[in-house]
Amino acid sequence: MPDRNPKVRRRLAQGKLRLRLCDLRNLGPQSERLLAAIGIHDVEALRRRGALEAYLAVRHAGLTRSLNLLWALVGALEPWPEGRDWREVAASEARLPLLLAVESRVTARRSALEAGGVAARAGQSRPKRSTSRPPTDSDDRVWVPGLPFETRRKSEQGKTPKKKNRR
């Protein structure tokens, strides 16, 4: 890859130029605010922390759950300082290892919280349904993929359906 910005690279190396987070490719003012909320205020802090750790911290803070932020962070840090488009990262071979890393970290965190008896924060995981309560009529009306949209209750299964709007 040819050096697209030799002057910028030289000034960065000499410490004469400081990039802001929103100067990086894929990152704008909203990304800068999200990262500032978790304590990342400059590019060096983002590079030290890494894209995956920064994304997980933003996700843990409950600010976003979108994977587009992960792709943007990875793309912003990869070929320094030009960056790579977030759509290229999302379509590349790097996607699967990143998804697996996120899933393993989230699962490990969840199991550590459950093992410690700490309740998960709202929005991180759904509470498990209690099996001790008796089923209600609304329980049979839950739609499941592969079933028709209109399901009848068990009490109505032997009866013929009423026709609506017909005389």
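Read-outs: derived from the displayed coordinates by stated rules, not from any lab. Only a predicted model underlies this, so the values are computations on that prediction, with no experimental measurement involved. Cβ coordinates were reconstructed from backbone atoms using ideal geometry, including for glycine residues, and neighbour counts include every protein chain displayed.
Points to keep in mind about this one:
- Model label points for ALA61 and ASN165, set 7 angstrom from Cα along the Cα-to-Cβ axis, are 5.1 nm apart.
- The modelled label-to-label distance for the pair ALA115/ARG87, using points 7 Å beyond Cα in the direction of Cβ, is 4.3 nm.
- Packing-based ranking, highest mean first, of 53-60, 111-118 given that Cβ atoms within 10 Å are counted: 53-60, 111-118
- Segment 8-58 versus segment 79-117: alpha-carbon centroid distance in Å: 18
- Sequence ranges 61-73, 39-51, 94-106, ranked by mean other-Cβ count within 10 angstrom, highest first: 61-73, 39-51, 94-106
- Gyration tensor over the Cα atoms of segment 20-115: the corresponding equivalent ellipsoid has semi-axes (square roots of 5 times the eigenvalues, largest first) of 22, 16, 10 Å.
- Charge tally in the Cβ shell below 13 Å around GLY75, where Lys, Arg are +1 and Asp, Glu are -1, GLY75 excluded: 0
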